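A short write-up of the structure that comes next.
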Ligand SMILES: NC(=O)CC(=O)O
């Protein structure tokens, strides 16, 4: 697919039409989704005919929506046999807002069960022998395969940034609650964050602006002059594979070459502690969020999800409350990091996409920023020695989503044209 920004321009300049873009996306899915398996189902003709007649700012933009978002015109099954054929009456808020902006909700993309860890059959378009990551597996794969220019995902641990890194696409995990999660199946109500996938950070900024009406920055900075970049050194960096460490170092060099200054930012103990309490918060809240499914359909749950909920059911409220206090201290510490730097850069995953489909990978590099609520953008373009994508995360202060997107756009441009 061409990039979202290119399609928006082509429609505005009448070099294309919404109907042509919708037909082209359907054709691309028919041609390539057989081996990738990103889409579960496509929208009915009447929905796509209505979208073809749209003249909104997102007219002609086809979107793949992770199947934990309610859609009024398609089944919404949450990756669970419990919800087979389930038809919501209304769209999730973000879906409705995108439709109101003229977008074509083209189809539902695969999700791990309830957006947790049990893998889907979806393959990584960059190398079909590898996982696309999860839990937003189909959304990352659909954009990476060029089927659609935009896809919706969600992140509770690392489910936007990690698959974006594995599939070599731009991923946006906004500041917590910047996007509404209404109508998105809840796993953890203090962590779940709606997010986006697109080919470039510039596309993400435009999509976010046209869906929400918020200003996400004027687009790519000219250079890095005046930008203070923190090279984040976490307590778990020894888990990061050498080629991913090299990728982040290359990103820092490219930003310096564009005029930025870089300093090393060591992780404070309070953020190491915050990362460690993510699982307690996530599991304790998931037992409540999925109480009915867990209590009435335990045997119909996947192995990983069942284990998470079984453990979550043993956590005492006092332990959860202590974890929330640790998280709150972590949020304050995360804010303090940005008193001396404008953005941080860090690995988006431990390494490239693991081989096989047995695991969607590890959220170790992502869960802290999900818990603190800071905006994160995955910047694609770098690759391992065998050509598998390696994503670099640009992290900004809570609420500075436009800055994260602008710096990500600059870095993506520097990676694409390093001279
Ligand atoms: N939903 C999630 O974020 C879980 C994951 O990181 O795989």
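The values are calculated or read from the model by the stated rules, or taken from the named source; none is laboratory data. Values in this document were obtained by computation on a predicted structure and should not be read as measured data. When we count neighbours, we look across all protein chains shown, and the Cβ atoms used for this are built from the backbone with ideal geometry, even at glycine.
Some notes on this structure:
- Of all the numbered requirements in (1) surrounded by 21 or more Cβ atoms within 10 Å (Cβ to Cβ); (2) within 16 Å of the ligand (Cβ to nearest atom), residue 364 misses one, and that requirement is (1).
- Segment 194-217, residues that are without any contact (Cβ under 8 Å) to a residue 60 or more places away in the chain and part of a helix (DSSP H, G or I): 209
- Within the option set 158, 79, 85, being free of Cβ contacts under 8 Å to residues at least 60 places away in the same chain and in contact with a helix residue (DSSP H, G or I) (Cβ under 7 Å, 6 or more places away or on another chain) holds for one residue only, 79.
- Inter-residue pairs, beta-carbon under 6 Å, first on the phi > 0 side of the Ramachandran plot and in segment 252-269, second not in a helix (DSSP H, G or I), 6+ apart: 259/223; 259/224; 259/225
- Criterion violated by residue 6 - all others in (1) within 24 Å of the chain's Cα centre (by Cα); (2) at pLDDT 95 or above; (3) surrounded by 17 or more Cβ atoms within 10 Å (Cβ to Cβ) satisfied: (3)
- Any hit, segment 271-288, residues being surrounded by fewer than 16 Cβ atoms within 10 Å (Cβ to Cβ), out of contact with any strand residue (DSSP E or B) (no Cβ under 7 Å at 6 or more places or on another chain) and under 17 Å from residue 334 (Cα atoms): yes
- Output for segment 104-118, where each listed residue is under 16 Å from residue 183 (Cβ atoms) and in a loop (DSSP other than H, G, I, E, B): 111
- When residues of segment 140-172 are limited to those that are assigned to a loop (DSSP other than H, G, I, E, B) and within 16 Å of residue 67 (Cα to Cα), the one farthest from the ligand (Cβ to nearest atom): 148
- Criterion (touching a residue at least 24 places away in the same chain (Cβ under 8 Å), over 17 Å from the mean Cα position of the chain (by Cα) and away from the ligand (no atom under 16 Å from the Cβ)) met by exactly one of 334, 358: 334
- Only one of the listed residues (92, 51) is modelled with pLDDT of 95 or more, buried (at least 20 other Cβ atoms within 10 Å of the Cβ), in contact with a strand residue (DSSP E or B) (Cβ under 6 Å, 6 or more places away or on another chain) and farther than 24 Å from residue 164 by Cβ. That residue is 51.
- The lone criterion from (1) modelled with pLDDT under 95; (2) part of a helix (DSSP H, G or I) left unmet by residue 386 is number (2).
- Scan of segment 99-139 for residues that are surrounded by 24 or more Cβ atoms within 10 Å (Cβ to Cβ) and more than 16 Å from the ligand (Cβ to nearest atom), ordered by number: 103, 104, 105, 106, 107, 108, 125
- Looking at 75, 59, 25, just one residue is under 17 Å from residue 146 (Cβ atoms) and either modelled with pLDDT of 95 or more or surrounded by fewer than 16 Cβ atoms within 10 Å (Cβ to Cβ) (or both), and that residue is 25.
- Residues of segment 389-419 satisfying the condition of being within 19 Å of residue 260 (Cα to Cα) and part of a strand (DSSP E or B): 392, 393, 394, 395, 396
- Test: residue 131 is closer than 15 Å to residue 184 by Cα and either touching a helix residue (DSSP H, G or I) at 6+ places or on another chain (Cβ under 8 Å) or free of Cβ contacts under 8 Å to residues at least 60 places away in the same chain (or both): no
- Check on residue 59, touching a helix residue (DSSP H, G or I) at 6+ places or on another chain (Cβ under 7 Å), free of Cβ contacts under 8 Å to residues at least 60 places away in the same chain and in a loop (DSSP other than H, G, I, E, B): yes
- Qualifying residues in segment 33-53 (those that are touching a helix residue (DSSP H, G or I) at 6+ places or on another chain (Cβ under 6 Å) and not in a strand (DSSP E or B)) - the one farthest from residue 5 (Cα to Cα): 36
- Considered as a group, the residues in segment 173-193 that are within 9 Å of the ligand (Cβ to nearest atom) and part of a loop (DSSP other than H, G, I, E, B) include one that is nearest to the chain's Cα centre (by Cα), and that residue is 192.
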